[in-house]
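Chemist: Pasting in a structure now, in structure tokens, and then I'll have a few things to ask.
The values are calculated or read from the model by the stated rules, or taken from the named source; none is laboratory data. Just so it is clear, the structure is predicted and the values come from calculations on it, not from any experiment. Using ideal geometry, Cβ is built from the backbone for each residue, glycine included, and neighbour counts are taken over all protein chains shown.
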Amino acid sequence: MPASADPVACVVPGCTALAERPDVLPLCAAHLALAAEVHAAGQGVTDLLPSPCVLCGARLGVRLPAGWVCAICEWPLGEHPDGELARPRVDVVYYVRFRDRVKIGTSGNPRQRFTAIRHEEVLAFERGDRRLEQRRHAEFAEERGGTSEWFDLSDRLRRHIDVLAGGADPWDRWRRWVAEATATR
């Protein structure tokens, strides 16, 4: 409690203790802790998972009264995906680099697709299908090498890729999208 403020009593009827933070919520320490516990029981508490999510690999989870769920894909901790179910298709527009050129393409299975493409680095993914790929081809038409899907790595294209990547590993992002699609079916 700020030193200059006058003491304020807890607002719970019958409680004579002083409010811990009257400027925020006029409750004593015991009632403030009880309110936090009730809130956590209904909303959950975000914390580190006891072990990584088996679906997306995330370490952040939400502890609910019924157990832990992944904070990223909401997969319940301890449950394993049905190995007999096919992986959901998650279409992405990908950006791969070879030397000073970038290929902008699309795939529902980028790992398999990249085995057929000569590249040095996977730069970024964005969720989308052929329509988004065609929009990106039109957007970066000035950088395009003829009619191919390869583009010169200009400053403008690099900025676009950097925004998409957001400093994250593209494969982590792709795994999260697949995990979210798996968890929601």
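Chemist: Name the pairs: first residue in region 34-51 and modelled with pLDDT under 75, second residue exposed (fewer than 11 other Cβ atoms within 10 Å of the Cβ) and of a type outside the set (Lys, Arg), Cβ to Cβ under 7 Å, at least 6 apart or on different chains?
Modeler: Pairs found: Ala41/Pro65.
Chemist: If you don't mind, there's one more thing I want to ask. Give region 61-93 a look and list any residue that's loosely packed, with under 13 Cβ neighbours inside 10 Å, under 25 Å from Ala168 (Cβ atoms) and in contact with a strand residue (DSSP E or B) (Cβ under 8 Å, 6 or more places away or on another chain), or say none.
Modeler: Once the filter is applied, which keeps residues that are loosely packed, with under 13 Cβ neighbours inside 10 Å, under 25 Å from Ala168 (Cβ atoms) and in contact with a strand residue (DSSP E or B) (Cβ under 8 Å, 6 or more places away or on another chain), region 61-93 yields nothing.
Chemist: Same structure again: Applying the selection to region 37-52, what residues are under 23 Å from the mean Cα position of the chain (by Cα), part of a helix (DSSP H, G or I) and surrounded by 11 or more Cβ atoms within 10 Å (Cβ to Cβ)?
Modeler: The one that is under 23 Å from the mean Cα position of the chain (by Cα), part of a helix (DSSP H, G or I) and surrounded by 11 or more Cβ atoms within 10 Å (Cβ to Cβ): Ala40.
Chemist: Follow-up. Among all residue pairs at least 6 apart or on different chains, which show Cβ distances below 6 Å where the first residue, located in region 162-175, is closer than 14 Å to Val93 by Cα and the second is surrounded by 13 or more Cβ atoms within 10 Å (Cβ to Cβ) and small (Gly, Ala, Ser)?
Modeler: Taking only residues 6 or more apart or on different chains, the pairs are Leu164/Ala124; Ala165/Ala124; Pro170/Ala124.
Chemist: Quick check on Phe114: is it under 26 Å from Gly166 (Cβ atoms) and crowded, with 19+ Cβ neighbours inside 10 Å?
Modeler: Taking the combined requirement at face value, the residue does not satisfy it.
Chemist: Any residue in region 88-115 that is assigned by TED's automatic domain parsing to the domain that holds Gly145 and on the phi > 0 side of the Ramachandran plot sitting within a Cβ distance under 8 Å of a residue that is surrounded by 15 or more Cβ atoms within 10 Å (Cβ to Cβ) and assigned to a helix (DSSP H, G or I)? List the pairs, counting only those 6 or more apart or interchain.
Modeler: Going by the 8 Å Cβ cut-off, there are no qualifying pairs.
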